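Written below as structure tokens is the structure these notes are about.
Just so you know, all these numbers are worked out from the coordinates, no wet-lab data involved. Remember, it's a predicted structure, so these values are computed and weren't measured experimentally. Heads up, the Cβs are rebuilt from the backbone with ideal geometry, glycines too, and the neighbour counts pull from every protein chain shown.
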Amino acid sequence: MKIENEIMAILNELTGAEAGELEPALDLFETGLLDSFGVVSLFVEIEERLGVSVAAETILRDEISTPEKIVRRVKRAAEC
């Protein structure tokens, strides 16, 4: 499964959103769909499902505020 699809599936599970409900540019923090606990859960799931580890100390809220930004961040981590 493509990284984008898997991340969207994880976000849907964590937020309770239906498939297709989360827009790529939707700010997950401003809408209350994601908080600090959710971020931890998100990256645990990403590591388990995709095998991509993102060090928590390197994550800035602004670079993971939307689904599309999360995808970019994970792809960058996967390249390392």
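Observations on the model:
- Nearest-20 debye value, segment 3-79 charge dipole, Cβ charges on Lys, Arg, Asp, Glu: 260
- Once C-alpha pairs closer than 8 Å and six or more residues apart are averaged by separation and normalised to the residue number of the chain, the relative contact order reads 38 percent.
- Estimated [θ] at 222 nm from DSSP helical runs (n ≥ 4, -39500 (n - 2.57)) normalised by residues in the chain, nearest 500: -16500 deg cm²/dmol
- Kirkwood-type radius of segment 3-79, with distances r between different C-alpha atoms, in Å: 12.2
- The HN-Hα couplings worked out from phi for segment 68-80 by the Karplus form 6.51 cos²θ - 1.76 cosθ + 1.60 (θ = phi - 60°) are 5, 6, 5, 4, 4, 5, 5, 4, 4, 5, 5, 6, 6 Hz, whole numbers, x standing for Gly and Pro.
- In sequence order, segment 42-57 has phi-based couplings of 4, 6, 5, 5, 4, 5, 5, 7, 10, x, 10, 9, 10, 5, 4, 6 Hz under the Karplus curve 6.51 cos²θ - 1.76 cosθ + 1.60, θ = phi - 60°, and Gly or Pro positions carry x.
- The length gained by stretching the chain between Asn5 and Ser53 to full extension, at 0.36 nm per residue less their Cα-Cα distance, is 15.5 nm.
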